[in-house]
1. Provide a single number: the residues in the range A:222-248 that are surrounded by fewer than 18 Cβ atoms within 10 Å (Cβ to Cβ) and in a loop (DSSP other than H, G, I, E, B).
2. Conditions: (1) closer than 25 Å to A:Pro196 by Cβ; (2) assigned to a helix (DSSP H, G or I); (3) open to solvent by 60 Å² or more (accessible area, probe 1.4 Å). B:Glu251 meets all but one. Number of the miss?
3. For the range A:59-111, which fully contained strands (runs of 3 or more DSSP E) count at least 3 residues that are more than 20 Å from the chain's Cα centre (by Cα)?
4. Give the number of residues within the range A:80-91 that are open to solvent by 60 Å² or more (accessible area, probe 1.4 Å) and within 18 Å of A:Val40 (Cβ to Cβ).
5. Filter the range A:165-211 down to residues that are more than 9 Å from chain B (Cβ to nearest Cβ), of a type in the set (Asp, Glu) and either touching an Asp or Glu at 6+ places or on another chain (Cβ under 8 Å) or open to solvent by less than 20 Å² (accessible area, probe 1.4 Å) (or both), then give me how many there are.
6. Among the residues of the range B:56-71, is any crowded, with 23+ Cβ neighbours inside 10 Å and under 26 Å from B:Glu179 (Cβ atoms)?
7. Which residue pairs have Cβ atoms closer than 7 Å, lie 6 or more positions apart in sequence or on different chains, and pair a first residue in the range B:143-154 that is of a type in the set (Phe, Trp, Tyr) with a second residue that is part of a strand (DSSP E or B)?
Number of protein chains: 2
Amino acid sequence: MKKAYVHGYDHRENIRLQDQASSLVELLHSDTKYPAGSRVLEAGCGVGAQTITLAKNSPGALITSIDISETSLAEARRKAKAAGLTNIQFEQADIFNLSYASESFDHIFICFVLEHLPQPVEALNMLKKYLKKNGTITAIEGDHGSAYFYPDSEAAHKAIQCQVELQRRAGGNAMIGRELYPLLNQAGFKSVRVSPRMVYVDSSKLQLVDGFTKKTFTAMIEGVREQAIKSGIIEEHVFDQGIKDLYRTAEPDGVFCYTFFKATGNK
Amino acid sequence: MKKAYVHGYDHRENIRLQDQASSLVELLHSDTKYPAGSRVLEAGCGVGAQTITLAKNSPGALITSIDISETSLAEARRKAKAAGLTNIQFEQADIFNLSYASESFDHIFICFVLEHLPQPVEALNMLKKYLKKNGTITAIEGDHGSAYFYPDSEAAHKAIQCQVELQRRAGGNAMIGRELYPLLNQAGFKSVRVSPRMVYVDSSKLQLVDGFTKKTFTAMIEGVREQAIKSGIIEEHVFDQGIKDLYRTAEPDGVFCYTFFKATGNK
């Protein structure tokens, strides 16, 4: 596993990951493989979107996936069962109020969670308590400020900004990806390394055009339409133009770029 | 226009290009190696910032490096001589008015040139004529719209925007990196592939903090200060705050991101 991480930091390896990853799953997960017998805490598994890949890539590891929502856990459990995975234990728990013994885990994995927390450093600090000495943390986050595209469009940037602003009002930070290095350091982790995972999409990558530009990113921005307009942070016609322009980047001569950040650190 | 794309007149610009090449050499060049005996045209070599690496990485290839400026070529020749390289032929020539026989070259290499041209597709199309059938083109460009950082700063984005605007007024496009895919396709190249090369800088990478964030990117933006203020596109105190904020991203808890795009295509 350590070797895999080391490779992940290398520029050339990053270029390879960026060039060859045919799916988001591969881009984000391919270099996370935990040794057999290790205990892994997935903090904030939600509906299990990452859990299945995590458990499949580390079949010998014992994964404890927690979430605060029983509803989400029910869905995550269903997914794990459907995938025939038996190395995951799901538990309802609050990151800020865990009842595990100190140093219970060899590794912690936290993905798309910190972006929603008003106090990400405190959360990381709390989690650190449950990590064994020299254990690792792996954090993955997106960054909506990393989205740019061709053709460029002011309306599209404004529509994206609605999502950023609404998440900010809910106490989160949609541009947290770029901050992982200072955040993990502030939480006291050592040897922090950040590896950006850029998703570059042009029409030679039809799977990503459909799966990422349209159905992941643009669909997500489109999803805040009512809330954005109702809250008065954007005019309806500007938002709609922005969405139209985002779909325009999925045309044959369009390009779409977005970057996820993957950070690791040791206790 | 012609003057606008000539690099190397300004001493500081000269140093910047050198710094840029030396800290980013591997990131941009490591996967460009031409076979022995192949004829390579480097279109727009300027002061030779890329030429030396290009020639070193393909010692058996015969490289013809052209530039419109004799002054720049003199500096490029000096560099090549100092490096003891004998596989480069320097020639004064205008990309839009070349006198080579059709299909004279196996490969074309063009780096940080298209960003200065009002008609990049036409330039690519002209160059294609001198490429053998199935020969390759490799184009590398930056994209100032790909710059983002922590801490974020509106003033810093405005200062960067000055460089983009001034380059636009000179007929260029400082955000051309993301457009390489459509540009090469429009120029009629086949099998176009674009590989983004993201420069991610945090304080675990001190060489890049100094060599890229400070001495390459921020120094370049700082270099347009007088022109930007004189042209009235920004207030002095906003520009200066922006530069201060860019240097702030080079502090121990800061992060700086920028992406170059490398494209290849076949005739």
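The values are calculated or read from the model by the stated rules, or taken from the named source; none is laboratory data. As the structure is a prediction and not an experimental result, all values here were calculated from the model. Neighbour counts run over all protein chains shown; Cβ positions are idealised from the backbone, glycine included. We work out accessible area using only protein heavy atoms, side chains counted, and drop any ligands, DNA or RNA first. Shrake-Rupley method; radii C 1.70, N 1.55, O 1.52, S 1.80 Å.
1. 5
2. It fails just one condition, (2).
3. Values: elements: A:62-67, A:88-92, A:105-111.
Hits in the range A:59-111: A:88-92.
4. 2
5. Summing the residues that are more than 9 Å from chain B (Cβ to nearest Cβ), of a type in the set (Asp, Glu) and either touching an Asp or Glu at 6+ places or on another chain (Cβ under 8 Å) or open to solvent by less than 20 Å² (accessible area, probe 1.4 Å) (or both) in the range A:165-211 gives 0.
6. yes
7. Every condition considered, the pairs that remain are B:Tyr148/B:Cys257; B:Phe149/B:Val255; B:Phe149/B:Phe256; B:Phe149/B:Cys257; B:Tyr150/B:Val255.
Let's see how each residue does on (1) closer than 28 Å to B:Val194 by Cβ; (2) touching a strand residue (DSSP E or B) at 6+ places or on another chain (Cβ under 7 Å):
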{"position": "B:Gly211", "(1), (2)": "yes, no"}
{"position": "B:Glu222", "(1), (2)": "no, no"}
{"position": "B:Ala228", "(1), (2)": "no, no"}
{"position": "B:Ile234", "(1), (2)": "no, no"}
{"position": "B:Val238", "(1), (2)": "no, no"}
{"position": "B:Asp245", "(1), (2)": "no, no"}
{"position": "B:Asn266", "(1), (2)": "yes, yes"}
